[in-house]
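What follows is a set of notes on a single structure, which appears directly below.
The values are calculated or read from the model by the stated rules, or taken from the named source; none is laboratory data. What you see is a predicted model, and the numbers here were worked out from it, not measured in a lab. Here Cβ is always computed from backbone atoms with ideal geometry, including for glycine, and neighbour counts include all displayed protein chains. Side chains are part of the model used for accessible areas, which takes the heavy atoms of the whole protein and leaves out ligands, DNA and RNA. Shrake-Rupley method; radii C 1.70, N 1.55, O 1.52, S 1.80 Å.
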Amino acid sequence: MIRCENLGWDAGEKTVLDGIGLEVTRGEAFGLIGPSGGGKSSLIRIMDLLEPPTRGRLWIDGEEVLPGSTDVTGMRRRMAMVFQRPVAFRMNVLENVAYGLALRGVPRPERRARVADALETVGLAGFEERRASTLSGGELQRISIARCLVTDPEVLFLDEPTANLDPLSTGVIEEVIAGLRRDRGITVVLTTHDLGQGQRLCDRLAVLAGGRLVQTGTPLEVFYRPMSIDVAQFVGAENLVEGEVERMDRGIAFVRAGPASLAVAVHAPVAGPVTVAIRPEEIVLSRGETCRTGTANHLTGRVTAIDSDGPMVRVLLDCGFPLVALIRRLRYLELGIEAGSVICAEFDPGGAHLIPRTRL
Amino acid sequence: MSAITEGFLQAVDLIVSLDPEVMEITGRTLYISLSSTLIGTLIALPAGGIIASREFRGKRALMNLIQTLYSLPTVIVGLLLFLLISSSGPFGGLKLLFTSTGMIIGQSLLILPIMIGLTVAALSAIDPLVRDTLVSLGATRGQQLIALLREARYAILAAVALGFGRAISEVGVAIMIGGNIRGYTRVLTTAISLETAMGNTALSIALGIILLAIALIVNIGVNLLQGGGRA
């Protein structure tokens with residue numbers, strides 16, 4: 001549906017995007033994630049044809065977008081964009097939502113019916129006569145989604161659609177987006193800095209950092225098999241342990257890291273210096289006595305700090321290298337540990353991932 | 001003091017009795033200033049829209065020039081136009097000197113800078129996201145301009161009201177291009193000037209009251225419209 005080839009964009013002297021190559025297929029939900037300033041918004045603006053790229057080529061539904069010769073307005077009318085900060089025109093909700101239809105010359109009675117449908121979809125049925133200026137942030141964002149839906153777009157772009165909203169509004173909006181994909185098979189491209197949202201809503205994720213696409217894949221691949229230290233850090237694989245592959249044995253790489261030997265499941269043979277990425281929630285803690293020392297992935301560590309993290313507790317360990325474990329609060333109370341306790345940390349070889357250090 | 005009171009009472013009488021000369025002057029004044037405001041609006045909105053929506057070399061200089069012309073003296077416009085349309089000027093053949101049409105052209109030129117300048121300011125004050133939203137909804141350039149003018153309608157209304165105020169209250173163009181010909185090009189301001197010089201203060205006061213009343217009505221009207229928009 002959308003294809004970018006070697007796409008780049010400069011803001012004045014500054015290169016914001018460079019060498020972007022990706023393809024969004026029809027009907028899929030594609031997420032752009034990455035740290036702020038990584039170029040997510042710029043890329044989504046280019047794909048919605050709000051901004052022409054400085055370099056590279058762009059195809060929409062098989063047709064290359066060529067400045068000057070392409071009917072850009074016609075192409076834009078097949079797509080729609082929800083912005084991070086929704087704006088309402090100085091009109092009532094009906095006129096706001098119907099705006100795209102008015103631009104397309106749809107007659108008034110039809111506009112009214114289609115607006116009613118769209119408002120129903122976003123859970124704001126009967127809001128037609130309300131002045132847009134009286135709505136809350138969450139309602140306004142839903143209105144702006146309705147304003148997009150009413151034109152029946154083939155592609156819906158959402159630029160950080162819930163960044164400024166409370167959890168309740170966020171939930172409603174995520175439900176609406178999921179429903180649209182289910183019921184209409186609409187292609188969705190969304191940017192988010194909320195990893196959970198990317199995982200919940202998207203079939204595939206692309207990680208943008210420093211204006212470059214560093215990894216594209218399913219949420220599972222991006223979250224559990226990050227290809228670089230940057231991606232690992234961004235997706236929350238906090239434990240990055242440096243080591244050296246000692247040997248390979250039936251899909252398991254044994255990595256020497258300080259005093260410990262770590263077993264990590266791999267798909268292809270690896271050798272040499274690596275970084276072992278382990279998500280903190282993959283680490284299981286138990287009392288020291290039960291720890292089978294000496295075997296792989298059974299690490300003895302001393303608790304250095306304990307931080308509360310909502311319903312979870314983060315336990316910082318010193319196992320010869322620092323290790324962070326994220327455990328449920330009840331499990332934490334069961335363990336009865338405190339700073340200085342010596343306990344056992346374990347993780348499954350499949351719960352860790354190797355990043356060859358030479359690849360960087 | 002008594003001369004003022006007496007003049008004031010006579011003025012009220014002239015207004016209440018719908019004195020034909022007073023009514024005729026008032027009618028012509030409204031015709032000329034409203035026409036120039038209409039022409040000014042028809043030029044200033046698209047021109048302001050184009051200036052506000054595009055980036056081009058010399059935009060700042062142009063805006064500086066336009067803002068300088070806010071205080072363009074009315075007699076300078078009168079002089080320039082006089083040179084252009086007097087019988088020896090390049091447009092002398094059009095016979096516009098000492099006509100209402102000539103006055104409308106002069107007042108339009110006079111109020112254009114302030115109307116364009118304020119239109120540009122009104123459009124520039126709109127959140128850039130409004131424009132992005134319009135573009136992403138598939139608006140053509142023309143549709144964007146119309147929508148943006150609509151978004152800025154209250155600020156633009158103020159620009160139009162200000163243009164009208166400048167047109168109805170000016171004397172320079174009216175006297176130099178119109179010539180203050182009784183029953184033909186005489187308007188409120190030129191009549192006040194002449195009648196005062198002739199010692200006919202009652203008529204001057206009557207015309208002055210009307211002039212102020214028109215300004216008041218326009219101002220109240222604009223305020224009502226703007227207030228309605230905020231609700």
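Observations, loosely collected:
- Dipole check for the stretch A:7-147: with +1 at the C-beta of Lys and Arg, -1 at the C-beta of Asp and Glu, and the Cα centre as origin, the magnitude is about 460 Debye.
- Cα gyration tensor category, rounded, prolate or oblate, for the protein assembly as shown with a/c compared to 1.5: prolate
- Accessible surface, the protein assembly as shown, averaged per residue in Å² (probe 1.4 Å): 46 Å²
- Shown are B:19, A:348, whose ranking by accessible area with a 1.4 Å probe and every protein chain present, most to least, is A:348, B:19.
- Between the C-alpha center of the stretch B:136-154 and that of the stretch A:180-242 there is a gap of 36 Å.
- Given charges at beta-carbon only (K, R positive; D, E negative), |dipole| of the stretch B:69-196 in Debye: 260 debye
- Rounded, prolate or oblate (a/c below 1.5 giving rounded, otherwise prolate when a/b exceeds b/c) for the stretch A:180-339 by Cα gyration tensor: oblate
- From its DSSP helices (H runs of at least four residues, each -39,500 (n - 2.57)), chain A gives a residue-normalised ellipticity at 222 nm of -7500 deg cm²/dmol.
- Each Lys or Arg adds one and each Asp or Glu takes one away; over the other residues whose Cβ falls under 12 Å from the Cβ of residue B:109, this sums to 0.
- When the solvent-accessible area of the protein assembly as shown is split by element, carbon and sulfur atoms take up 59 percent of it, the probe being 1.4 Å.
- When the Cα positions of A:234, A:336, A:326 are compared along the charge dipole of chain A, A:234 comes out farthest toward the positive end, with charges on each C-beta of Lys, Arg, Asp and Glu.
- Proximity of backbone amide H atoms, modeled 1.01 Å from N, is registered between residue A:261 and A:297 at under 5 Å, excluding neighbours fewer than 5 places apart on the same chain.
- Gain on full stretching of the segment that runs from residue B:87 to residue B:13 - 0.36 nm per residue minus C-alpha separation: 22.4 nm
- About the Cα centre, charge dipole magnitude for chain B (Lys/Arg +1, Asp/Glu -1 at Cβ), debye: 940 debye
- Applying 1/(1 + (r/R0)^6) with r as the Cβ-Cβ distance of residue B:2 and residue B:217 and R0 = 30 angstrom yields a FRET efficiency of 0.50.
- Counts of other chain beta carbons within 10 angstrom of each beta carbon in peptide B:137-145 average 6.
- Restricting attention to the protein assembly as shown, close to 80% of DSSP beta bridges with both partner residues there are antiparallel.
- Per-pair calculated FRET efficiency, R0 = 25 Å: residue A:108 and residue A:133 via Cβ, rounded to 0.05: 0.65
- Nitroxide proxy distance, nm - points 7 Å out along Cα→Cβ at residue A:64 and residue B:198: 7.9 nm
- Excluding exposed DSSP-loop GluC sites (Glu not before Pro) (at most 12 other C-beta within 10 Å), longest clean stretch of chain A: A:130-337
- Counting heavy atoms of the protein chains alone, residue B:32 has an accessible area of about 0 Å² for a 1.4 Å probe.
- To the nearest ten degrees, helix A:137-149 and the longest principal axis of the Cα atoms of chain A are 60 degrees apart.
- Between residue A:307 and residue A:270, full extension at 0.36 nm per residue minus the direct alpha carbon distance yields a gain of 9.8 nm.
- Anisotropy class of the stretch B:158-212 from Cα gyration tensor, a/c 1.5 cut: oblate
- Computed FRET value (nearest 0.05) for residue A:184 with residue B:67, which takes r as the C-beta separation and R₀ as 41 Å: 0.20
- Panel note: contact residues of the stretch A:107-153 (accessible area lowered by at least 20 Å² against the chain on its own; 1.4 Å probe) correspond to A:131, A:147.
- Rounded Å value of the spacing that divides the Cα centres of the stretch B:1-24 and the stretch A:1-22: 75 Å
- Under 15 Å, Cβ to Cβ, from residue B:36 - net charge with Lys/Arg +1 and Asp/Glu -1: +1
- Compared with the dominant Cα axis of chain B, that is its longest principal axis, helix B:2-16 is turned about 70°.
- The stretch B:161-182-the stretch B:53-115 distance, computed between alpha-carbon centres (Å): 13 Å
- A simple count of charges around residue B:140, restricted to other residues whose Cβ falls under 11 Å of its Cβ and scoring Lys, Arg +1 and Asp, Glu -1, yields +3.
- Positive-end residue, the protein assembly as shown charge dipole about Cα centroid, Cβ charges, pick of B:7, B:144, A:280: B:7
- Folded to 0 to 90 degrees: helix A:93-103 orientation relative to chain A principal axis, Cα: 70 degrees
- Computed from protein heavy atoms with a 1.4 Å probe, the total accessible area buried between A and B is close to 2000 Å².
- Considering only B:113, B:36, B:23, and ranking their Cα positions along the charge dipole of the stretch B:12-123 that arises from unit charges at the beta-carbon of Lys, Arg, Asp and Glu, the one farthest toward the positive end is B:113.
- Database remark: amide H of residue A:215 closer than 5 angstrom to the amide H of A:207 (H placed geometrically; neighbours at sequence offset of 5 or more, or on other chains; Pro and chain starts carry no H).
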